[in-house]
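The next block holds one structure in the form of structure tokens; read it before the comments.
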Amino acid sequence: MNGSSAAASTRSLDLFDSQVNETFFPMECSPPRSAIGEFRGLLTSRQLGKVGFAAVRSSPLDVYRRRTHISRVSDAVYLVKVQVEGESRVLQRGNEACLQPGDFALCLSSEPYELHFPEDYSQVVLAIPEGVMLECVHRPDRHLGVRMQSTVGANGLFAQFVTSIAHRLDSLDGVLAQRLEANVIDLLTTTLGYAEESQRHDLLGCGVKLEYLHRIRGFIRKHLHDERLTPTGLRPHTVFPPATCICCSRRRMFPCRAISSGCVCRAAAIRWKIRPLPNTPSVKSATATASRTPPISAAHSRPNSA
């Protein structure tokens, strides 16, 4: 999302379309065929760290994000669209989400999507970089174009929290904005992870909850430059024993054949072109030490006889 803070009200659809393109990215805004009367639109936006906030309201509107628009911008952004007033339809990847007040849905800017507002509406939109979303949420693309109903899980709580922040965009100082950004991302992670029963019980074969792996992965990526990064350092932040087997395939986390948390740390360092951390005596286990010691056979346990 471009700009640190902006607010604009207009009665011109062309001007509103220009403001939307400048705030987000290229797309087409047009009135539906059934639209009657003069167009009205209001857009308020602010950047909170890496996450952008925008409050949008207008008269009936259709929005199209086409491949021709996508080719102009290379950065991918997840848009979290929270319905505040009115109704809307979100279409992406063959899915259609019909949103009521309190619901929300996800869109990805690197793929085509459509938005349809048949009546006056109000939305709060979060713009989250794809990299940030992937660090926090397991396969967020599964939620594209899917209605996150306010009465399910923590969806309604998330929508209320985001809406309350949007009402105070102009009064937030820098420090508070950064803290709220972290809270929004954490709550979104919880909401998407627990919205459905199947996701709440999504376990790996060894019984380790999938969200633990994403906490570990996110922690490692954020601390790659820290020389103190070791498997033992993961435990206070992930509630995950350092000697526990992660048991994940190469596609699950990092391109590494190893399954220990120590190897995951080193594989991540290599992947991000950081010098891998050496093994230290403090993190070597008895099993690892034994594996490096050659066995002593009976023939070598006593001197050769003459």
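Before moving on, here are some points about what is shown:
- Of the helices (runs of 4 or more DSSP H) lying entirely inside the stretch 160-246, those carrying at least 1 residues that are modelled with pLDDT of 80 or more are 174-194.
Residues are listed down the side, and each one gets a yes or a no for (1) out of contact with any Phe, Trp or Tyr (no Cβ under 9 Å at 6 or more places or on another chain); (2) within 17 Å of MET148 (Cβ to Cβ):
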{"position": "GLN47", "(1), (2)": "no, no"}
{"position": "VAL73", "(1), (2)": "no, no"}
{"position": "SER88", "(1), (2)": "no, yes"}
{"position": "GLN100", "(1), (2)": "yes, yes"}
{"position": "PHE104", "(1), (2)": "no, yes"}
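- Across the stretch 110-122, a minimum of one residue is classified as farther than 22 Å from GLU181 by Cα, out of contact with any Cys (no Cβ under 6 Å at 6 or more places or on another chain), buried (at least 17 other Cβ atoms within 10 Å of the Cβ) and acidic (Asp, Glu).
- If you go through the stretch 59-114 and pick out every residue that is closer than 17 Å to VAL124 by Cα and either not assigned by TED's automatic domain parsing to the domain that holds PRO140 or not aromatic (Phe, Trp, Tyr) (or both), you end up with 31.
- In the stretch 95-119, the residues that are under 18 Å from CYS29 (Cα atoms) reach residues that are buried (at least 17 other Cβ atoms within 10 Å of the Cβ) and of a type in the set (Ser, Thr, Tyr) with C-beta atoms within less than 7 angstrom, at least six apart or across chains, in these pairs: CYS107/TYR113; LEU108/TYR78; LEU115/SER88; HIS116/SER88; PHE117/SER88.
- Considering the stretch 1-58, and only residues there that are among the hydroxyl-bearing types (Ser, Thr, Tyr) and modelled with pLDDT under 85, the residue that is farthest from GLN123 (Cα to Cα) turns out to be SER34.
The values are calculated or read from the model by the stated rules, or taken from the named source; none is laboratory data. Just so it is clear, the model here is predicted, and its values are computed rather than measured. We place every Cβ from the backbone using ideal geometry, glycine too, and count neighbours over all the protein chains shown.
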